[in-house]
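The values are calculated or read from the model by the stated rules, or taken from the named source; none is laboratory data. None of the values given here were measured: they were computed from a predicted structure. Glycine also receives a Cβ, built like all others from the backbone with ideal geometry; neighbour counts cover every protein chain displayed. Ligands, DNA and RNA are stripped out before the accessible areas are found, and what is left, the full protein with its side chains, is counted by its heavy atoms. Shrake-Rupley method; radii C 1.70, N 1.55, O 1.52, S 1.80 Å.
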Amino acid sequence: NALLVPRLLVPKLACRIKDPIIVTTPNVTSGSNVQLYCNISGAASAITGHKWIKKEAVLQSDDTSSHQTVYDLNEVNTDTSGEYVCKFLTNPPAEGIVFVTVKPHVLVYKKSEHGNEGDTGVLICKCSSYPSVTEWTWYKKENEQYLRIVNGTDNRFFIKSSGNKTELHIVNLDIEKDPGEYFCNGTNEVGQDGATVSLRVRSRLAALWPFLGIVAEVLVLVTIIFIYEKRRKPDEVLDDDDGGSAPLKSNATNHKDKNVRQRNSN
Amino acid sequence: MSSPASTGLASTPPDGGWGWAVLFGAFISIGFSYAFPKALAIFFKEIQDFFGTSYSEVAWVSSIMLAATYGGGPISSILVNRFGSRPVVIFGGLLCGIGMVSASFCTSIMQLYICVGLMSGFGLALNLQPSVIIIGKYFLKRRPIANGLAMAGSPVMLCTLAPLNQFLFDNFGWRGSFLILGAILLNCCVAGALFRPIGHATGPIQKEANKEVKETAKAVGFLAATEEEEDKQCCAKFNQYLDCSLFKHRGFLIYLVGNVLMFLGFFAPIVFLAPYAKHMGIDEYSAAFLLSILAIVDMIARPTTGLIANSKWVRPKIQYFFSFSIAFNGACHLLCPLASDYAGLVIYSVFFGLAFGMVCAMLFETLMDLVGAVRFTSAVGLVTIAECCTILLGPPVGGALIDTFGDYKYMFIKCGAVMVLAGTFLFIMNYYNYRMLAKEEKAVGTKDPEHGKPMNEGSNNWDSEKMQDGQELEPLTDEQGLKKEVNGLTEV
């Protein structure tokens with residue numbers, strides 16, 4: 001064993017050129033007008049520039065040769081939270097990471113969800129803060145108390161969670177028991193936050209009454225129109241059947257027709 | 001008033017009376033046909049989530065519906081020629097209703113394509129054509145006003161259906177909404193019930209006319225008539241139901257080419273107006289408000305255009321007015337890229353709404369003016385199926401232009417250019433057509449002094465009506481001209 005260890009260690013020490021040491025801002029969790037900095041010492045080669053990168057997007061870059069690079073942050077919140085990588089453009093490049101962490105800011109997909117009786121209702125909560133949520137819990141508000149819902153409760157409630165989203169699926173919605181307010185809670189290493197979603201269950205037959213009402217209205221109107229026509233028909237039957245002489249009868253008072261009519265009947 | 005024989009109708013259009021009830025029915029029918037596919041877009045997000053499909057797959061529902069509405073045109077025309085407007089519209093209304101009700105029980109997107117797209121779409125086709133046709137039968141003197149008022153149904157229905165759909169969706173979900181919308185579409189049957197038949201069906205008239213013409217042709221010995229006679233025997237049966245001789249009609253061909261070209265750039269700007277506004281940095285609600293402005297201006301523009309088109313200065317040269325409004329529409333699109341902020345876009349929307357309303361109000365009126373009320377039945381069917389292709393092509397081509405160049409202005413330029421071209425084409429060709437018609441009218445007048453007399457007398461009194469007759473008389477083929485003579489002789 002004693003022989004092995006040095007052998008493992010030695011190649012490591014021999015290949016390694018001394019790594020530059022990068023000192024960064026301590027982890028930031030709150031505040032406004034915060035400055036993130038990275039200081040490099042013992043750089044392998046000359047510094048030709050700096051870059052600040054977050055999620056593969058370059059936020060800031062310059063080509064000074066300073067040993068310190070600074071990034072200004074207006075405010076620490078959900079949108080600005082994340083991993084900020086400061087990159088020194090040496091050969092090879094050296095990077096440091098600043099962690100801007102916040103407690104979760106939970107948002108609901110839809111404040112008020114609807115579902116039909118017997119269908120599956122889905123309630124969704126999202127959180128895009130960094131670090132991502134490690135634990136999601138769901139509660140149902142029942143008589144001023146919050147009852148915890150666990151995956152598989154009643155064999156109808158199923159929870160699917162990930163770092164930035166959680167879904168509560170309620171199978172076979174019951175119009176008596178299920179409507180109400182549901183609370184989702186997300187926790188990460190910094191803190192926790194939650195939001196409320198309300199669920200409404202529509203009766204299967206809810207749409208049926210307006211439907212029948214409108215169909216009845218259509219039938220009534222059509223009947224009225226046809227009856228009205230039948231009662232007027234005796235007056236117009238002659239006009240319609242006899243195309244030749246009708247114009248004479250019904251348009252006799254029309255001057256303009258007279259010219260042509262007279263010609264035709266002559 | 002023109003003689004019924006000359007317009008080919010069995011009785012004189014009343015231009016009032018029950019015509020207003022018919023107009024109201026047509027208003028409802030046309031409104032549903034144009035506005036319903038657009039208003040359905042409100043449900044798409046929910047349906048997309050429910051079936052787990054992409055947005056374009058759901059948007060196909062609207063496209064299939066539009067295609068069915070326009071593609072069903074010829075079938076609609078044939079049915080109207082055979083049965084008259086009323087039964088067709090009532091059947092169409094039932095079909096729409098059943099389509100939407102069955103759509104509310106659908107379990108896959110394919111079934112939605114069939115129920116909503118094909119069934120309801122075809123039902124709307126059976127609503128649209130007969131409504132437009134029956135206006136021509138009930139109105140002559142006031143026909144442009146009637147057309148303008150009836151076409152105003154489209155923006156009014158859109159403004160009503162959009163919030164209604166949102167309300168239904170919030171309260172009943174998409175399935176419940178489709179059920180209720182099916183019932184609402186049944187109101188088209190009520191509109192159909194109002195379409196009281198007037199005069200004889202056109203089929204038997206043409207049959208009799210053809211028989212008489214054949215005999216007179218043999219008697220008088222016109223060569224042209226005998227050649228046509230042989231042609232007739234070949235497709236006489238089919239021609240009864242769908243008048244294919246329209247393809248030899250000069251005015252019809254001009255209209256067809258001009259309109260098919262125009263529709264390439266007609267709808268794309270509406271589809272992309274809101275996305276363009278959002279692209280410029282305007283928020284969603286203001287962008288949606290642009291479309292509302294468009295709809296409101298459209299609503300006012302249509303009946304107003306009808307009134308203007310009915311005036312004695314415009315009606316004789318209504319084709320020029322139509323070409324002008326198309327070119328005006330194109331000019332609006334060409335100027336749109338100059339709008340750099342929200343105020344500019346609002347001005348654009350106002351002018352666009354105005355131009356859009358003008359074109360739509362006269363869309364069918366000009367066709368009626370060119371081919372006459374009798375042949376309009378077949379003409380409208382043939383025109384809509386030709387327009388079907390370019391209507392469906394327009395927005396995707398515009399979308400492709402936007403994607404390729406990453407800039408909306410090329411789409412506006414393309415639409416503007418196409419429409420200005422169409423407008424210019426129609427203007428020039430109609431100028432030519434008016435001249436040819438004037439020549440033919442003179443020729444008929446000198447050929448047949450007996451027939452010529454009342455026309456000359458009439459022209460002193462009738463003004464716009466006479467010009468109207470001129471349009472409708474001349475396009476009839478020689479044999480139909482003989483038919484007039486024949487009618488005159490028989491009534492002696």
Study note, to complete from the structure: In nanometres, the difference between 0.36 nm per residue of separation and the alpha-carbon distance of A:Glu83 and A:Ser132 is 16.5 nm
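What is the local net charge at A:Gly191, summed over the other residues whose Cβ is closer than 14 Å to its Cβ (Lys, Arg +1; Asp, Glu -1)?
Details: positive: A:Lys103; negative: A:Glu135, A:Glu189, A:Asp193.
Computed value for this residue: -2.
Work out, step by step, the length gained on full extension between A:Asp62 and A:Arg231: first 0.36 nm times the residue separation, then minus their alpha carbon distance; give nm to one decimal.
That works out to 51.8 nm of additional length.
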**Study point:** Span from the region B:402-445 Cα centroid across to the region A:107-162 one, whole angstrom
**Key:** 60
Point to revise | Calculated FRET value between B:Ile347 and A:Leu107, using beta carbons and R₀ = 51 Å, to 0.05 | key: 0.85
Review point. Using a ≥ b ≥ c from the Cα gyration tensor of region A:21-100 (square roots of the eigenvalues), is it rounded, prolate or oblate, where a/c under 1.5 gives rounded and otherwise the larger of a/b and b/c decides, a/b for prolate?
Key: prolate
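Report the full-extension gain for the segment B:Ser340 to B:Ala288: residue separation times 0.36 nm, less the Cα-Cα distance, to one decimal in nm. Walk me through the numbers before you get to the answer.
On the way: separation 52, 0.36 × 52 = 18.72 nm, distance 1.76 nm.
Full-extension gain reported as 17.0 nm.
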Exercise for review: Report the FRET efficiency, 1/(1 + (r/R0)^6), for B:Thr424 and B:Asn171, where r is their Cβ-Cβ distance and R0 is 45 Å, rounded to 0.05.
Suggested key: 0.35
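What does the charge add up to near A:Asn33, with Lys and Arg as +1, Asp and Glu as -1, over the other residues with Cβ less than 14 Å from its Cβ?
Details: positive: none; negative: A:Asp72, A:Glu75.
Here the charged neighbours net out to -2.
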**Study point:** Percentage of interatomic Cα-Cα distances in region B:256-387 larger than 19 Å
**Key:** 53
**Study point:** With all protein chains modelled, accessible area of A:Leu208 [1.4 Å, Å²]
**Key:** 60
